[in-house]
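The values are calculated or read from the model by the stated rules, or taken from the named source; none is laboratory data. Just so you know, these numbers come straight off a predicted model, no measurement behind them. Here the Cβ is made from the backbone with ideal geometry for all residues, glycine too, and neighbour counts use every protein chain on show. These area figures cover heavy atoms from the full protein model, side chains too; ligands, DNA and RNA do not enter into them. Shrake-Rupley method; radii C 1.70, N 1.55, O 1.52, S 1.80 Å.
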Amino acid sequence: MGKETSSSVNHHSTPENGGFKLVGFKDFVRVNPKSDHFSVKRFHHVEFWCGDATNTARRFSWALGMPIAAKSDLSTGNSAHASYLLRASGGELQFLFTAPYASSISNPASAAIPSFSASAHRSFNATHGLGVRAVALVVEDTQAAFSASVSRGAKPVSEPVTLNNQVVLAEVHLYGDVVLRFISYLSDPSAVTTFLPGFEPMDGTASYQDLDYGIRRLDHAVGNVHELGPAVDYLKSFTGFHQFAEFTAEDVGTAESGLNSVVLANNDETVLLPLNEPVHGTKRKSQIQTYLEHNEGPGLQHLALTSEDIFRTLREMRNRSGIGGFEFMPSPPPTYYKNLKSRAGDVLSDEQIKECEELGILVDRDDQGTLLQIFTKPVGDRPTLFIEIIQRVGCMMKKEDGEVYQKGGCGGFGKGNFSELFKSIEEYEKMLEAKQAIHAA
């Protein structure tokens, strides 16, 4: 990432995009106006569209420690699509993997996901490869959420549909070929035990039922777009979500490339939706531009998954990296961890700092808490979709009823890691140059 050019700063304030302008991390003031246009509770699930749901689901299950909990396929009477649901321990994190059956045998009426379209799926898969199709939110009332969204400019994708008098589902356009899915319950949600009507529990012998690496929920879902202004204005206008954080290339860039980013959040700040755009005119192509080219347009770049114990999670995941799991981005140089004690020694013990170095975990903090994070390499053929594993430390709050919870976004989004990592690389390179000079002499 890199220094932002003056042109990339100024284009945000043009009249054509409504006067949108980034002020940068230093000057950004976080305010929660409680401005949601409909009641949003939390993330419900993320649906991936893929060419082969069986094998993709099994790989993610093994890589993340999430058992396959439910299915809808030929064995359940669904001849339109095969869908397999991964659910993390605790039930808050759910990944759905979907692929179409042959059109010659397909009965669209048998689809468990009423918005499913075989032609849309095939177009999506041919254009993007493995990717996220839907980010689903639990809302108080799907009909109200859909009506409020469309009346404020959201592009409708799927009208509200009631499933088995239990669940109501609808979709609107989010960005690229990704949809925002609304889900509400007409009765007690616990009555829908398998995921959605039309799904059945997975046979315990057909999945790794005892998998659990400590991953618990979805913290944020990040999208890449060509231009932030229109995308942010669109999403804010129909959801009412507020701006939770922002970063420019001045904040998170290096000397070679960069990005700009805005994080949007609901009233309770339980749903965080960051958006990134590339910065142009730098020495190297922005990683966001690379994504946009390989994805053939905007889409969901990565999912940040919260672990209750990131050290345990990373030990388990790294043990499987070479045998069907996910691989990780290269670890920072040793100088990064030598500086870590001065930055986070009051939160992490010497033993934990050592373990951060062994596992390649990055550490950042803001004025409220601390963030531990690490990124996988792309999980498919294209350098597009990847996974971030995080653990937030601090920011514990208490509700009126006495329930203790962690404030959303505690510790930030890793802003400090970009600059710290870059400085560490520079120091590391200087050290190597000095050693080479000694050997040359």
| query | Once the mean 1/r over all distinct Cα pairs of the chain is inverted, what Kirkwood radius in angstroms do you read off? | reply | 22.9
| request: Report the accessible area of Glu351, computed with a 1.4 Å probe over the heavy atoms of all protein chains in place, in Å² rounded to the nearest 10. | output: 140
| note | Rounded to one decimal in nm, the spacing of the 7 Å Cα→Cβ label points at Gln406 and Gln143 is 3.8
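Gain in length, Asp268 to Asp210, computed as 0.36 nm per residue apart minus the alpha-carbon separation, to one decimal in nm? Mind showing how you got there, number by number?
Details: separation 58, 0.36 × 58 = 20.88 nm, distance 3.26 nm.
In short, 17.6 nm is gained.
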| said: Under the 0.36 nm per residue contour assumption, what length would be gained going from the current alpha-carbon distance of Ser39 and His173 to full extension? | reply: 46.4 nm
| remark: Ratio for segment 55-145, C-alpha Rg to 2.2 N^0.38 Å, reads 1.15
| query | Just for the Cα atoms in segment 245-367, what are the lengths along the principal axes, largest first, rounded to whole Å? | reply | 42, 39, 38
| query | Nearest 0.05, what FRET efficiency do Ser103 and His280 give at R0 = 35 Å with Cβ-Cβ as r? | reply | 0.25
| Helix 118-128 sits at what angle to the longest principal axis of the chain, using alpha carbons and giving 0 to 90 degrees rounded to 10? | 10
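On a full-extension model of 0.36 nm per residue, what is the gain between Leu186 and Glu296, subtracting their alpha-carbon distance, rounded to one decimal in nm?
35.7 nm
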| query | FRET efficiency for Val150 and Ala441, Cβ-Cβ distance as r, R0 = 51 Å, nearest 0.05? | reply | 0.10
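Restricting to the chain, compute how many DSSP beta bridges are antiparallel as a %, nearest 5. Before the final figure, lay out the partial values.
Working: 70 of 87 bridges.
Around 80 percent of the beta bridges assigned by DSSP in the chain are antiparallel ones.
Keeping the other protein chains in place, figure out the carbon and sulfur percent of the accessible area of segment 229-382, with a 1.4 Å probe.
Values: 2720 of 5950 Å².
The value for segment 229-382 is 46 percent carbon and sulfur by accessible area.
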| Solitary cysteines of the chain, where the nearest other Cys Cβ is not under 4.7 Å | Cys50, Cys356
| remark: Note on segment 113-267, DSSP bridge orientation, antiparallel percent to nearest 5 equals 80
| message | Along the Cα→Cβ direction, 7 angstrom out, place labels at Gln368 and Thr193. What is the inter-label distance in nm? | response | 3.8
